[in-house]
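Just so it is clear, none of the values below were taken in a lab; they were calculated from the coordinates. Source: prediction; values computed, not measured. Positions of Cβ are backbone-derived with ideal geometry, glycine not excepted, and every protein chain shown enters the neighbour counts.
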Amino acid sequence: MLSLFLTTFLLGAAVISADYTPEALADEVKNLPGAENLQLNFRQFSGYLPVTATKNLHYWFVESQNAPATDPIAFWTNGGPGCSGLLGFMTEQGPLRPNKDLTLSLNPHSWNTIANMVFIEAPCGVGFSYSSDESGADYKTDDAQTAEDNFALLQQFFTRFPQYRTNDLYITSESYGGHYMPTLAKQIVDRNAAGKDPLLNFKGFAVGNPATTFYSAIPAGLDTYWGHQLISKPLWDRYQEDCINNKNFTVCETLFLAMYAEVGNLNPYALDYPVCLEDSPRKAGRAQRTWFLNHQLAAMHAEFSGVHDQGLQNIRKAIVGLEPVSDYEPCAGDYMTTYLNKAEVKAALHVNSDVEWRDCSRTIRYNQLDGAKSMVPIYKYLIDKRFGLNILVYSGDNDDVCATIGTQSWIWDMGYHVEGRRWQQWLTTDGQTAGYLTKFRNTKLAFATVHGAGHEVPAYKPQAALELFSHYIKGEWTNA
């Protein structure tokens, strides 16, 4: 009887393993440090996907805890540009959280409770992703190149995991994902239409607190500072008089820096939350702020002046204590950074042991002028061409970096009509108001706010974020 049981068990295990290619099985994460006492009910895989002959992008795939064979598959990347998708994994909506003692705990509100989730580190040079080209040319990139590389990553993933190619495919992100997601979505629909690549079963994208237009980043953040009464009226009046219509670059940047100085040490990613302490994992948020503001200040300079003077920018950034990207060091007490740089963790994840993991890259050279480009024409292309994509734009309303007022400015101004679901309250399952929902008529576009959430919605409102994601992938908001 025991022999029969063991034979049956082993045959069952072989059938399960046979679902995965040998390349996928080689990437399976079997002994993750810190998870020894956890009862995991999902399999996970980590490794590299070659998107060119020299670019190798890291992915970490966690199966759905529900029904992985049939559940949707969603890819997640963080913004920056240049910040790692593992921020989403370990501080937002992934299944595992690092503790101070570098053990791991389970996140009950993980998005992989209802979907297969793939966290990616892109562009090349972010996180564990690397190039074998010693010239460094692969680390110079922009929106178009990032979309092309991410498309190649999707195709490489489904070559390694072909059983998921027919599952509903979604792409998700936040922050500078407001550029990553529309450009990648256009890349997918155009390549699908061309018929030269294996078809992707693409259903749509969701993006949180997105940088979408020039206004939706820094200018909207300044309006939010005023709306929260975090700056003085005399300074605000000067900004209104000298910058709204005149756009004198020197004056406007000086006033912008003065506003940052007045606001002080509040967390711009979540205005009403405590600032991170030395031993807090939320210290990681300072890295994203550094990358985002370095990128957006350059875009603002180009928008107003038409020139790029890096030396002058660095002097002005120093006024508000904004470190240049090349000099930024993440907090030594950041559990995530410490955990991911452990040799045994790198071995378990099958990543290059020589790569020092950072939450935001010091290696890539992103075209900073792309940050000033509006993504609205791409939204209109994706909607008006009737590709049938489910598009959810959501916004934590306690964020200043990509503030809700900025998202409202462009999403309503696209001109799509609303019938029925205009700014309706949506509730969590326990009956609490989670935010407000708008569905645009004759489109599959929806806009939801998450009240009280900061820039990274799942980090601040994990239950509401999971329920929002569930409504989205079920089509309850975009199809209704």
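Cross-link check: pairs LYS100/LYS342; LYS186/LYS444; LYS55/LYS186; LYS196/LYS444 evaluated at a Cα-Cα cut-off of 19 Å; pairs beyond the cut-off: LYS55/LYS186; LYS196/LYS444.
Can you give the net charge of the other residues whose Cβ lies under 9 Å from the Cβ of LEU86, counting K and R as +1 and D and E as -1?
Working: positive: none; negative: GLU121, ASP359.
That works out to -2.
Could you tell me the calculated FRET efficiency between THR54 and VAL376, based on Cβ-Cβ distance and R0 = 30 angstrom, to the nearest 0.05? Efficiency for this residue pair is about 0.30. What the Cβ-Cβ distance of GLU36 and LYS474 gives, at R0 = 41 Å and to the nearest 0.05, is a FRET efficiency of 0.70.
For an R0 of 22 angstrom, estimate the FRET efficiency from the Cβ-Cβ distance between SER132 and THR159 and round to the nearest 0.05. So, using R0 = 22 Å, E works out to roughly 0.65.
Run the Debye formula on the Cα coordinates of region 74-209, all scatterers equal and no solvent, and tell me log10 I(q)/I(0) at q = 0.13, 0.17 1/Å. With one equal scatterer per Cα and no solvent, log10 I(q)/I(0) is -0.58, -0.97. Per residue, the average separation of C-alpha pairs within less than 8 Å and at least 6 apart gives region 56-192 a relative contact order of 33 percent.
Reducing region 206-237 and region 387-454 to their Cα centroids gives an inter-centroid distance of 18 Å.
Extending 7 Å from Cα along the Cβ direction at ALA347 and again at GLN229 yields two label points whose distance is 5.8 nm.
From least to most packed, judged by other beta carbons within 10 angstrom and beginning with the fewest, TRP357, TRP111, TRP236, TRP412 follow the order TRP412, TRP236, TRP357, TRP111. Rg over Rh for region 351-472 works out to 1.04, both radii taken from alpha-carbon positions and Rh defined as the Kirkwood radius.
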